[in-house]
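Values in this text are rule-based calculations from the coordinates and carry no lab data. From a predicted model like this one, the values you see are computed outputs, not experimental measurements. So basically every Cβ, Gly included, is an ideal-geometry build from the backbone, and we count neighbours across all protein chains shown.
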Amino acid sequence: MPLCPRALEILDEALDFADATGLVFPSINGKTLSSGTIGKLLKESGITAVAHGFRTSFRTWAAECTNIPREVAELALGHVNKDRVEAAYQRSDLFDKRCELMNQWGEYLSGT
């Protein structure tokens with residue numbers, strides 16, 4: 001998964017809190033965080049958004065503010081090409097282009 005430099009820094013910082021589960025952000029009981037938990041965290045933090053809205057924001061930004069092809073943005077979100085014929089011919093994961101997109105997203109979020 002390509003990530004921007006700041007996201008990689010956050011993951012490095014999270015290692016200080018790592019436990020035996022192997023999860024980056026485990027729940028209190030050592031399992032993956034549920035969408036309900038993330039929603040509760042957002043609400044308690046005073047953020048008036050839903051978790052899926054972050055994905056929506058990214059996709060809208062990619063469409064409106066970049067020249068990245070649609071396929072790259074869709075792959076960045078983990079979406080699968082459901083067009084079987086197109087998918088048969090397009091076998092690349094477009095990793096380098098997704099890296100470029102994630103770097104642009106990181107710069108956008110940080111205001112640089």
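With the requirement that a residue be within 17 Å of the chain's Cα centre (by Cα) and either among the aliphatic types (A, V, I, L, M) or surrounded by 13 or more Cβ atoms within 10 Å (Cβ to Cβ) (or both), what does segment 70-85 give you?
Matches in segment 70-85: Glu71, Val72, Ala73, Glu74, Leu75, Ala76, Leu77, Val80.
Under 7 Å between Cβ atoms, at least 6 apart or on separate chains: pull out the pairs that start in segment 36-49 with a residue that is farther than 16 Å from Pro26 by Cβ and end on any residue that is part of a helix (DSSP H, G or I).
Going by the 7 Å Cβ cut-off, the qualifying pairs are Gly39/Ala51; Leu42/Ala51; Ala49/Leu42.
Take segment 33-51 and flag every residue that is in a helix (DSSP H, G or I), surrounded by 10 or more Cβ atoms within 10 Å (Cβ to Cβ), out of contact with any helix residue (DSSP H, G or I) (no Cβ under 8 Å at 6 or more places or on another chain) and of a type outside the set (Ser, Thr, Tyr).
Correct list: Lys40, Leu41, Lys43.
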